Amino acid sequence: MQPSYSSGGLYGGETVPVGTVKKAYFAVFPTWRELSSLAREGRLSLESTGEQRAAGLLDLTTEEQTTRLNSQYRRKFGVPFVLCARLNKKDAVLKGLKTRINSSKEEEIKTGIEEAKKICWLRLVDVLQREQVDHV
């Protein structure tokens with residue numbers, strides 16, 4: 001029997017397979033190529049633009065953006081490569097991609113979710129700090 005998750009209000013309140021929930025978790029993260037396009041079009045959030053710029057990811061060449069590893073990663077795992085850009089630089093991101101492509105699907109989904117949690121945590125801290133300043 002496949003593990004399932006009671007979605008509360010999500011998915012119409014029904015019970016859904018854990019794999020579906022995990023894939024949905026990644027659906028909110030764009031690929032590198034999408035990030036670049038969104039940034040050029042001014043449609044990337046201020047937070048994401050700052051994180052990507054600080055990591056040097058908005059400076060990636062077209063060749064780096066379309067690297068075969070990124071395509072292989074997406075094909076292998078079915079989700080975009082997620083790494084907390086704010087805690088890494090371009091070289092670390094590329095090294096992470098090269099290393100993580102060799103992970104099992106279960107390991108990679110777990111790692112990707114942990115990276116997404118870091119992103120969410122850092123953004124939450126930013127919001128709370130702004131709220132604190134606004135109320136002082």
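So, in region 40-71, exactly how many residues are open to solvent by less than 50 Å² (accessible area, probe 1.4 Å), modelled with pLDDT of 75 or more, assigned to a helix (DSSP H, G or I) and among the aliphatic types (A, V, I, L, M)? Selection size over region 40-71: 1. Within region 28-38, track down each residue that is aliphatic (A, V, I, L, M) and either open to solvent by 50 Å² or more (accessible area, probe 1.4 Å) or modelled with pLDDT under 75 (or both). Residues satisfying the conditions are Val28, Leu35. For region 72-117, give me each residue that is surrounded by 12 or more Cβ atoms within 10 Å (Cβ to Cβ), of a type in the set (Val, Ile, Thr) and free of Cβ contacts under 8 Å to residues at least 12 places away in the same chain. Thr111 - this is the single residue of region 72-117 that is surrounded by 12 or more Cβ atoms within 10 Å (Cβ to Cβ), of a type in the set (Val, Ile, Thr) and free of Cβ contacts under 8 Å to residues at least 12 places away in the same chain.
The values are calculated or read from the model by the stated rules, or taken from the named source; none is laboratory data. Bear in mind the structure is a predicted one, so any value in this text is a computation, not a measurement. Neighbour counts are summed over all protein chains in view; Cβ atoms, including those assigned to glycine, are modelled from backbone coordinates with ideal geometry. The protein model used for the area step is the full one, side chains on, heavy atoms only, and it has no ligands, DNA or RNA in it. Shrake-Rupley method; radii C 1.70, N 1.55, O 1.52, S 1.80 Å.
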